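Colleague: Input: one structure, supplied below.
The values are calculated or read from the model by the stated rules, or taken from the named source; none is laboratory data. On a predicted model such as this, the values are computed, not experimentally measured, just so you know. Methodologically, a virtual Cβ is constructed for each residue, glycine included, from the backbone with ideal geometry; neighbour enumeration extends over all protein chains shown. Calculation scope for accessible area: heavy atoms of the full protein, side chains included, ligands and nucleic acids excluded. Shrake-Rupley method; radii C 1.70, N 1.55, O 1.52, S 1.80 Å.
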Amino acid sequence: MSELRNDRYLRALLREPVDKTPVWVMRQAGRYLPEYREVRAKAGDFMTLCSTPDLACEVTLQPLRRFELDAAIIFSDILTIPDAMGLGLHFVAGEGPKFTKPIQSAADIAKLGVPDMASELRYVMDAISVTRRELNGDVPLIGFSGSPWTLACYMVEGGASKDFGKVKGMMFDAPEQMHKLLDIMAQSVTAYLNAQIAAGAQSVMLFDTWGGTLSTRDYQQFSLAYMQQIISGLTRESEGRKVPVTVFTKGGGQWLPLIAAVGCDAVGVDWTTDLSVAREAVNGKVALQGNMDPCVLYANKARIEQEVASVLASFGEGEGHVFNLGHGIHPTIDPDHMGCLIDAVHNLSVPYHQG
Ligand code: CP3
């Protein structure tokens, strides 16, 4: 494999010195880019886009052609695992993801097995190898998965949900059943991320989008414990380099010390927690990723620069910060505003790395 020309992102995750704060953006490949919408329209549906390695590679690279991003994230979705388990994933315009066969009973859970990475999810690994080849050592490639709890939310609810009544109902009414489901998801996610690392992912991230809807005790038992189980089973070195692991629990700001203790290298933070507070909470144990409110990108460029400056200042001097939004970029953002964000992070962060 070729040398990595820009390894700022990997270095920052490991709290090593960098010249500027690295930046990438959740959902950086997506609907706010006209060139994405064009390829998406040609592909017909979203899963065809994900499962055609050349197309997935093309949309992964699109934002890197426009912006000086410090990492690429493989274009895919967290719902590929439940799809491979046979739940029948499809997307309904305006309503988001749906499953034709959601998990409704102990019998449904008993039928689930760990998907075969070399066949059922092979398209993801192929997309990763094609993309690594095309990146040719420019920036690192991030692999990812949903957390077991977040995947279970979609699998039991059958799609998006406002109150999570079904999945939480199962958790409270039949906890042993929920644990069975989460355990099979954790085994699947471990195998999935290890296959992504073997295919060329240079860092991996767990998206725990719905962990923040739980009580502290339930978060520890039903979400964090399974992320810890996954992390302890991951390949941590590949191609002679460490493979950093990032955990992002949206709404997890009050649990940062707990999250920092599960063996990850970095913790994602949403905008509701100030990075100075987050930094104190993790006490040098892990790097932090985040955390500008995605809606700042609706403002004018001067205001965007001002907010970038304030996020950089809240982390302060020293190593261990990867700049990102606190959640995915919205589809109606002007791409020029994204460019303004990326340039501002690089230009304004230099003074924080001269010690
Ligand atoms: O970050 C990236 O650029 C990589 C690609 C990526 C996508 N989804 C592409 C996508 C990643 C990392 C995800 C993760 C994902 N998917 C999460 C966790 C992160 C988060 O946002 O909380 C979740 C919860 C999902 C499930 C999912 N998939 C949702 C809620 C949606 C949006 C549905 C809608 O219509 O609004 C998707 C579809 C999806 N995944 C799109 C993209 C670009 C849009 C689909 C399209 O182009 O039609």
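Colleague: Identify all residues within the stretch 219-256 that are part of a loop (DSSP other than H, G, I, E, B), within 16 Å of the ligand (Cβ to nearest atom) and under 24 Å from Leu10 (Cβ atoms); write none if there are none. Spell out the reasoning first.
Modeller: Just the residues of the stretch 219-256 that are part of a loop (DSSP other than H, G, I, E, B), to begin with: 233-236, 239-240, 243-244, 250-252.
Filter once more, keeping what is within 16 Å of the ligand (Cβ to nearest atom): 250-252.
Answer for the stretch 219-256, where residues must be part of a loop (DSSP other than H, G, I, E, B), within 16 Å of the ligand (Cβ to nearest atom) and under 24 Å from Leu10 (Cβ atoms): Lys250, Gly252.
Colleague: Can you give me the number of residues within the stretch 236-249 that are touching a residue at least 12 places away in the same chain (Cβ under 8 Å) and surrounded by fewer than 20 Cβ atoms within 10 Å (Cβ to Cβ)?
Modeller: From the stretch 236-249, those touching a residue at least 12 places away in the same chain (Cβ under 8 Å) are 238-239, 241-249; that's our starting set.
Within this subset, residues satisfying the condition of being surrounded by fewer than 20 Cβ atoms within 10 Å (Cβ to Cβ) are 238-239, 241-242.
Summing the residues that are touching a residue at least 12 places away in the same chain (Cβ under 8 Å) and surrounded by fewer than 20 Cβ atoms within 10 Å (Cβ to Cβ) in the stretch 236-249 gives 4.
Colleague: Ok, one more. Go through (1) crowded, with 22+ Cβ neighbours inside 10 Å; (2) in contact with a strand residue (DSSP E or B) (Cβ under 6 Å, 6 or more places away or on another chain) one by one and return the number of the condition Ile231 breaks.
Modeller: Among (1) crowded, with 22+ Cβ neighbours inside 10 Å; (2) in contact with a strand residue (DSSP E or B) (Cβ under 6 Å, 6 or more places away or on another chain), the lone unmet condition for Ile231 is (1).
Colleague: On to the next question. Only one of Val114, Val130 is part of a helix (DSSP H, G or I), touching a helix residue (DSSP H, G or I) at 6+ places or on another chain (Cβ under 6 Å) and among the β-branched types (Val, Ile, Thr). Can you tell me which? Walk me through it before giving the result.
Modeller: On the way: Val114 fails: part of a helix (DSSP H, G or I).
Being part of a helix (DSSP H, G or I), touching a helix residue (DSSP H, G or I) at 6+ places or on another chain (Cβ under 6 Å) and among the β-branched types (Val, Ile, Thr) holds for just one of Val114, Val130, which is Val130.
Colleague: Next up: For residues that are assigned to a loop (DSSP other than H, G, I, E, B) and open to solvent by 50 Å² or more (accessible area, probe 1.4 Å), scanning just the stretch 271-283, find the one that is farthest from Asn324 (Cα to Cα). Give the derivation first.
Modeller: Initial filter on the stretch 271-283 (assigned to a loop (DSSP other than H, G, I, E, B)): 271-274, 283.
Narrowing further to those that are open to solvent by 50 Å² or more (accessible area, probe 1.4 Å): 271-272, 274, 283.
Values: Trp271: 10, Thr272: 14, Asp274: 14, Asn283: 20 Å.
That would be Asn283.
Colleague: Quick one: which of Leu288, Leu348, Leu297 is open to solvent by less than 10 Å² (accessible area, probe 1.4 Å) and part of a helix (DSSP H, G or I)? It would help to see each step written out before you state the result.
Modeller: Numbers: Leu288 fails: part of a helix (DSSP H, G or I); Leu348 fails: open to solvent by less than 10 Å² (accessible area, probe 1.4 Å).
The conditions single out Leu297.
Colleague: Looking at Gly326, Gly318 in this structure, which one is open to solvent by 10 Å² or more (accessible area, probe 1.4 Å) and in contact (Cβ under 8 Å) with a residue 12 or more places away in the chain? Spell out how you get there, then give the answer.
Modeller: Numbers: Gly326 fails: open to solvent by 10 Å² or more (accessible area, probe 1.4 Å).
One residue alone meets the criteria, Gly318.
Colleague: For Asp19, all conditions in the list (1) away from the ligand (no atom under 16 Å from the Cβ); (2) farther than 16 Å from Thr131 by Cβ; (3) surrounded by 15 or more Cβ atoms within 10 Å (Cβ to Cβ) hold save one; what is the number of the exception?
Modeller: If we test Asp19 against (1) away from the ligand (no atom under 16 Å from the Cβ); (2) farther than 16 Å from Thr131 by Cβ; (3) surrounded by 15 or more Cβ atoms within 10 Å (Cβ to Cβ), just (3) comes out false.
Colleague: Kindly check whether there is at least one residue in the stretch 118-136 that is of a type in the set (Lys, Arg), surrounded by fewer than 21 Cβ atoms within 10 Å (Cβ to Cβ) and farther than 23 Å from Ser238 by Cα.
Modeller: Quick first cut of the stretch 118-136, residues of a type in the set (Lys, Arg) only: 122, 132-133.
Within this subset, residues satisfying the condition of being surrounded by fewer than 21 Cβ atoms within 10 Å (Cβ to Cβ) are 122, 133.
Right, trim to farther than 23 Å from Ser238 by Cα and you get none.
No, every residue in the stretch 118-136 fails to be of a type in the set (Lys, Arg), surrounded by fewer than 21 Cβ atoms within 10 Å (Cβ to Cβ) and farther than 23 Å from Ser238 by Cα.
Colleague: To continue, here is another question. So, in the stretch 207-218, how many residues would count as being more than 16 Å from the ligand (Cβ to nearest atom) and surrounded by 14 or more Cβ atoms within 10 Å (Cβ to Cβ)? Spell out how you get there, then give the answer.
Modeller: Of the residues in the stretch 207-218, the ones more than 16 Å from the ligand (Cβ to nearest atom) are 215-218.
Restricting the remaining residues to those that are surrounded by 14 or more Cβ atoms within 10 Å (Cβ to Cβ) gives 218.
Going through the stretch 207-218 one residue at a time, the tally reaches 1.
Conditions tested, residue by residue: (1) surrounded by fewer than 17 Cβ atoms within 10 Å (Cβ to Cβ); (2) closer than 20 Å to Ile329 by Cβ; (3) among the aromatic types (Phe, Trp, Tyr); (4) away from the ligand (no atom under 12 Å from the Cβ).
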residue: Arg11; (1), (2), (3), (4): no, no, no, yes
residue: Leu33; (1), (2), (3), (4): no, yes, no, no
residue: Thr52; (1), (2), (3), (4): yes, no, no, yes
residue: Arg66; (1), (2), (3), (4): yes, yes, no, yes
residue: Ile78; (1), (2), (3), (4): no, yes, no, no
residue: Pro82; (1), (2), (3), (4): no, no, no, no
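Residue-by-condition table, conditions (1) more than 19 Å from the chain's Cα centre (by Cα); (2) away from the ligand (no atom under 16 Å from the Cβ):
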position: Phe99; (1), (2): yes, no
position: Ile103; (1), (2): yes, yes
position: Val114; (1), (2): yes, yes
position: Tyr123; (1), (2): no, no
position: Pro140; (1), (2): no, no
position: Phe144; (1), (2): no, no
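Colleague: Still on this model: Within the stretch 84-110, count every residue that is outside any strand (DSSP E or B), loosely packed, with under 12 Cβ neighbours inside 10 Å and out of contact with any helix residue (DSSP H, G or I) (no Cβ under 9 Å at 6 or more places or on another chain).
Modeller: Going through the stretch 84-110 one residue at a time, the tally reaches 5.
Colleague: I'd like to know if the stretch 42-49 contains one or more residues that are open to solvent by 10 Å² or more (accessible area, probe 1.4 Å) and under 30 Å from Ala287 (Cβ atoms).
Modeller: Kept after step one, since they are open to solvent by 10 Å² or more (accessible area, probe 1.4 Å), are these residues of the stretch 42-49: 42-48.
From what's left, under 30 Å from Ala287 (Cβ atoms): none.
No, the conditions are met nowhere in the stretch 42-49.
Colleague: Next question. Please determine whether any residue of the stretch 284-294 is in contact with a Cys (Cβ under 8 Å, 6 or more places away or on another chain), among the hydrophobic types (A, V, I, L, M, F, W, C) and within 16 Å of the ligand (Cβ to nearest atom).
Modeller: Here is the first cut: in the stretch 284-294, the ones in contact with a Cys (Cβ under 8 Å, 6 or more places away or on another chain) are 286.
Still in the running and among the hydrophobic types (A, V, I, L, M, F, W, C): 286.
Subset that is within 16 Å of the ligand (Cβ to nearest atom): none.
So far as the stretch 284-294 goes, no, none of its residues is in contact with a Cys (Cβ under 8 Å, 6 or more places away or on another chain), among the hydrophobic types (A, V, I, L, M, F, W, C) and within 16 Å of the ligand (Cβ to nearest atom).
Colleague: Please work out which residue is farthest from Pro335 (Cα to Cα), limiting yourself to the stretch 35-46 and to residues that are near the ligand (Cβ under 10 Å from one of its atoms) and modelled with pLDDT of 95 or more.
Modeller: Residues of the stretch 35-46 near the ligand (Cβ under 10 Å from one of its atoms): 36-37, 39-41, 43, 45-46.
Narrowing the set further to residues that are modelled with pLDDT of 95 or more leaves 36-37, 39-41, 43.
Numbers: Tyr36: 12, Arg37: 13, Val39: 17, Arg40: 17, Ala41: 19, Ala43: 22 Å.
Ranking the qualifying residues of the stretch 35-46, first place goes to Ala43.
Colleague: Also, quick follow-up: Could you tell me whether Tyr226 is touching a strand residue (DSSP E or B) at 6+ places or on another chain (Cβ under 6 Å), among the hydroxyl-bearing types (Ser, Thr, Tyr) and at pLDDT 95 or above? Spell out the reasoning first.
Modeller: Details: touching a strand residue (DSSP E or B) at 6+ places or on another chain (Cβ under 6 Å): no; among the hydroxyl-bearing types (Ser, Thr, Tyr): yes; at pLDDT 95 or above: yes.
Judged against the criteria, Tyr226 is not a match.
Colleague: Let me ask something else about it. Being closer than 26 Å to Asn6 by Cα, within 11 Å of the ligand (Cβ to nearest atom), open to solvent by less than 30 Å² (accessible area, probe 1.4 Å) and part of a helix (DSSP H, G or I) narrows it down to one of Gln62, Gln28, so name that one.
Modeller: Details: Gln28 fails: part of a helix (DSSP H, G or I).
Every option except Gln62 fails the conditions.
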